[in-house]
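Report on the following structure.
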Amino acid sequence: MEVGKLANRYATQLQFCRFQNPISESLAQHVHAHIIVSGFRLRGHILNRLIDIYCKSSNLTYARNLFDQIPKPDIISRTTMISAYSVAGNLKLAREVFFATPLTMRDTVFYNAMITCCSHNNDGFAAIQTFHDMRRVGVGVDDFTLSSVLSAFGLVVDDERQCQQMHCAVVKFGLCFVTSVLNSLISVYVKCASSSLASSLSSASLMLSARRLFDDMVKKDELSWTTIITGYVRCNDLVAAREFLDGMSEKLGIVWNAIISGYVHHGRFEEAIQIYRKMVSKGVPQDDFTYTHFISACANGGSFQLGRQIHGYILRTEAEFTPEFFSLPVSNALVTLYYKCGKIDTARKIFNKMSVRDVVSWNAILSGYVESKRIEDAKSFFNEIPERNLLTWTIMISALAQNGYGEEAIKLFNQMRSEGFEPCDYAFAGAVISCAVLGALENGRQLHAQVIQLGHDTSLSAGNALITMYARCGDFEAAELAFLTMPYVDSVSWNALIAALAQHGRGRQALELFEQMLKEDIQPDRITFLTILSACSHAGLIKEGRRYFDSMLTTYGVSPGEDHYARMIDLLCRAGNFSEARELIDSMPTEPGVAVWESLLSGCRTHGNMDLGIEAAERLFELRPEHDGTYVLLSNMYANVGKWENVAKIRQLMRGRGIKKEPGCSWIEVENKVNVFLVDDTAHPRVTAVYKYLEKLGLEIRKLGYVPDTKFVLHDTECEEHKEYALSTHSEKLAVAFGLLSLPQGATIRVFKNLRICGDCHNFFKFLTRVVERELVVRDGKRFHHFRNGECSCGNYW
């Protein structure tokens, strides 16, 4: 067969391979193999066709091998290779081909390919430099050139004058009537206007220029409308975006999607839902993006029933959708909808049916378990996740920290770092809160140093966590310093410091800080009032507590929740005002729950109000019969008045219901190790030395007037000696004694206890500070006690 005819035959066969699919690629490989076996010497146009086919099928290795076999590649093959590397994101190899091409060969299409490659790979400066080189050597510019260079310019522009210069260039080249060029120029103005560097005045001016360009366009296409409307959305001007939408006659789904997305992004979920409804009524086509944004609006706006309806609507109307084959974004949005609306099990069912999952899918289910407080399920699910990102680790660390699993959270944080992840500020916040839970002050200080080292010290989340950590570890001065050195603070920061003051018995200072917060125009929220009411409760500030409680709704528009009522009842009961507390309970707009009755029972325990205490306990048995605290408080009330038969009945009831009392334990950190002590402990390696030292200290403080208060022995025994011995083995005494033996002279002793400190231990520590002449800090289940020079920060009001 003649060479020319053979060449045409191969060219014709390759023509059938122009479609981008595996069959075309396979056919091209067969033709290529036949060419090699036949010994036919490839001609330029056939080589170019083969290179093009391999490039379009992403087989760049084959394409490059062919390209390298050509002694003198022509401009077509060079341009094809640059375009392929552009799509593949390999800017380095694209430049290699570009710079190896002689200047005399380069044409407009070639330069356009390189400018586009730089732009697509986010190297705006290189694209602009390539454009300048193109102009310098006299290669002509077309509309595609300017569209590409304008796209690149949008990556780096940060000044209105630069936009105006490019605008002048468009006019100079006579392309100010080409739609694609004008779309790119509008995009430049929009990107500059929405830049974080642009002032509000500059942003408005830039958007005005973009709008004038849009209004003067002879022909507008879908991209024109999309660019201008998304520009207003990105500049937070949803009113202008909505005006454009209302004035658009074309049914462009992408534009409607942009508006819905904008409303969702700005938290205006109800309006996003309204836009969707209008979109449906106008017959605008919907797609995956529409459904994803709308479902997100329902999820974040709490419109569960509406989200559920759209779920059913998609199944009924979209033929290509089945539960197993929803698109990934839609499936992820549905998972988020169900878990955010409290339907985590349904979310898990959707997740299980997904044919494709990504890290967003896994993180959504993990977040659902966390928000549902199903921490054990979250831990199990976390271990199943095949590929974790930083967010995955952060969600799990924060969940463990905030739900009492401090030690596990710290271990997970360290595991994350060992696997090569550099913690973000939120991950550090979770680890720092873990230290707060554990009372691990030294570990917290080390994390604080790492936060500064990695540049997260300006982070609000990390700063707020540090305030909480130092406060809950007993170092209020460090907490206050962390607050004062934060570059900016929010309501969470103020709440954290107010809570710290309240916990440390500085009620008056907490109220003063609250008033300062108001002067700084920081609006209080429901958490603020919880901390304020706690401060009043701990300090016995009844009048002030009433005033703040009454002002919540009337002055600040914050509706009191059950937790606020519980704090107010706690305040009244601590002061013995049971009749007023009862009136407040009766006036509640909803049925009182566990928190309210627990506050009442605790107050009754303190003041020995048996009748009301029994009523509160009975209500708690109905609401939460599995909680040990109710049984213990009621048993202690009976023990205080010597009703040992009732005590025995309560304990028998606990055994019958399988309820075990949480054992009292105390712990102290020494040399980065947490040492735990139980009541009557015998397990600690230094327990013998601790008991001997306690006995010695007991003799010394008796000389100062200390007398063991045996009414805090809640066991039926007549022997005073046995009662005194029982008091001497309380876990907080053991921990303090160990701290005195182990820490340097003069160091503050910081002990943490899971339950409320007993009255005898409280009195013991006041006397003890006069003997050892150093500060003792004890954090119990309710608050901090700072013992100095025979006094306690609580003023004996606790």
Exercise for the section: Using a 10 Å cut-off on Cβ atoms, rank the peptides 61-69, 697-705, 492-500, 139-147 from the highest mean neighbour count down. Expected result: 492-500, 139-147, 61-69, 697-705
Completion exercise
To the nearest 0.05, the calculated FRET efficiency linking R135 and H265 through their beta-carbon distance, R0 being 51 Å, is 0.80
Fill in the blank from the handout: Expressed as a whole-number percentage, the relative contact order of the stretch 388-488 with C-alpha contacts under 8 angstrom and at least six residues apart is 25
Problem - Volume in Å³ per residue [convex hull over Cα atoms, computed for the stretch 531-615] - result: 83
Handout entry: Net charge of neighbours whose Cβ lies under 14 Å from the Cβ of L412, counting Lys and Arg as +1 and Asp and Glu as -1
Key = +1
Fill in the blank from the handout: Of the candidates V87, A735, S199, the farthest towards the positive dipole end of the chain (Lys/Arg Cβ +1, Asp/Glu Cβ -1, centred on the Cα centre) is V87
Handout entry: Sequence of L600, L454 from largest to smallest accessible area, 1.4 Å probe
Key = L454, L600
Completion exercise
Computed over the chain: longest principal axis from alpha-carbon atoms vs helix 304-317 long axis, angle to nearest 10 degrees, is 30
Exercise for the section: Per residue of the stretch 126-137, in order, report the coupling 6.51 cos²θ - 1.76 cosθ + 1.60 (Karplus, θ = phi - 60°) as ³J(HN,Hα) in whole Hz, putting x for Gly and Pro. Expected result: 5, 5, 5, 5, 5, 5, 4, 4, 4, 5, 5, 8
Exercise for the section: State the answer as a single residue: which of F173, V596, I51 lies farthest towards the positive end of the charge dipole of the chain, with beta carbon charges of +1 for Lys and Arg and -1 for Asp and Glu, about the Cα centre. Expected result: I51
Exercise for the section: Give me the distance in nm between label points sitting 7 Å out from Cα along the Cα-to-Cβ direction at V360 and V280, one decimal. Expected result: 2.2
Exercise for the section: Show me 362-374, 629-641, 421-433 ranked by packing, highest mean number of other Cβ atoms within 10 Å first. Expected result: 421-433, 362-374, 629-641
Exercise for the section: Between beta-carbons, use under 11 Å as the cut-off and find the net charge around R211, counting Lys and Arg +1, Asp and Glu -1. Expected result: -3
Handout entry: Accessible area per residue in Å² at 1.4 Å probe, computed on the stretch 388-488
Key = 41
Handout entry: Förster-model FRET efficiency, 25 Å R0, T688 and V771, C-beta, rounded to 0.05
Key = 0.70
Problem - Candidate residues K92, K673: accessible-area rank, largest first, probe 1.4 Å - result: K92, K673
Handout entry: Structure-derived Cα extents along the principal axes in Å - corresponding label in (i) 162, 77, 49; (ii) 73, 70, 57; (iii) 121, 57, 52
Key = (iii)
Exercise for the section: Report the charge-dipole magnitude of the chain in Debye, nearest 20, computed about the Cα centre from +1 at each Lys and Arg Cβ and -1 at each Asp and Glu Cβ. Expected result: 1500
Exercise for the section: At most 11 other Cβ atoms within 10 Å and a DSSP loop assignment: could you name the trypsin sites (Lys or Arg not before Pro) in the stretch 251-334 that fit? Expected result: K282
Exercise for the section: Please give every one of the lysines within straight-line cross-link reach of K220, meaning a C-alpha to C-alpha distance under 18 Å, and leave out same-chain neighbours fewer than 8 residues apart. Expected result: K251
Exercise for the section: Might you report the magnitude of the Cβ-based charge dipole of the stretch 190-259 about its Cα centre, with Lys and Arg at +1 and Asp and Glu at -1, to the nearest 20 debye? Expected result: 140
Handout entry: For the stretch 176-223, size of Cβ-based charge dipole, Lys and Arg +1, Asp and Glu -1, in debye
Key = 80
Exercise for the section: Rounded to the nearest 10 degrees, what's the angle between the helix 44-56 long axis and the longest principal axis of the chain, both from Cα atoms, 0 to 90? Expected result: 20
Exercise for the section: For M114, tell me the accessible area in Å² from a 1.4 Å probe, rounded to the nearest 10. Expected result: 0
Exercise for the section: Counting only heavy atoms of the protein chains, get the accessible area per residue of the stretch 269-378 (1.4 Å probe) and round it to a whole Å² value. Expected result: 47
Exercise for the section: Measure off, as a whole percent, the carbon and sulfur share of the 1.4 Å-probe accessible area of the stretch 157-310, all protein chains present. Expected result: 51
Practice task
May I ask you to give the solvent-accessible area per residue for the stretch 157-250, in square angstrom, as obtained with a 1.4 angstrom probe?
Solution key: 51
Handout entry: Cα gyration tensor shape for the stretch 366-503, rounded if a/c is under 1.5, else prolate or oblate
Key = prolate
Fill in the blank from the handout: Residues other than I569 with Cβ under 11 Å of its Cβ, Lys/Arg counted +1 and Asp/Glu -1, net out at -3
Problem - Helical contribution to [θ] at 222 nm, DSSP H n ≥ 4, -39,500 (n - 2.57), averaged over the chain, rounded to 500 - result: -21500 deg cm²/dmol
Exercise for the section: At 7 Å along the Cα-to-beta-carbon direction for both E515 and T485, put a label point, then send me their distance in nm to one decimal. Expected result: 3.0
Handout entry: For the stretch 269-378, Kirkwood radius (reciprocal of mean inverse C-alpha pair distance, Å)
Key = 14.1
Exercise for the section: Would you mind putting 158-164, 148-154 in packing order, based on average other-beta-carbon counts within 10 Å, highest first? Expected result: 148-154, 158-164
Problem - Solvent-accessible area of V109 with every protein chain in place, 1.4 Å probe, in Å² to the nearest 10 - result: 90
Practice task
Would you tell me the accessible area of T748, worked out with a 1.4 angstrom probe on the heavy atoms of the protein chains, in Å² to the nearest 10?
Solution key: 40
Handout entry: Length gained when the stretch N383-M105 is fully extended (0.36 nm per residue, less Cα-Cα span)
Key = 94.3 nm
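The values are calculated or read from the model by the stated rules, or taken from the named source; none is laboratory data. Please read these numbers as outputs of a predicted model, since none were measured by experiment. FYI the Cβ positions are ideal-geometry reconstructions off the backbone, even for glycines, and counts take in every protein chain you see. Just so you know, the surface numbers come from the protein's heavy atoms only, side chains and all, with ligands and any DNA or RNA stripped out. Shrake-Rupley method; radii C 1.70, N 1.55, O 1.52, S 1.80 Å.
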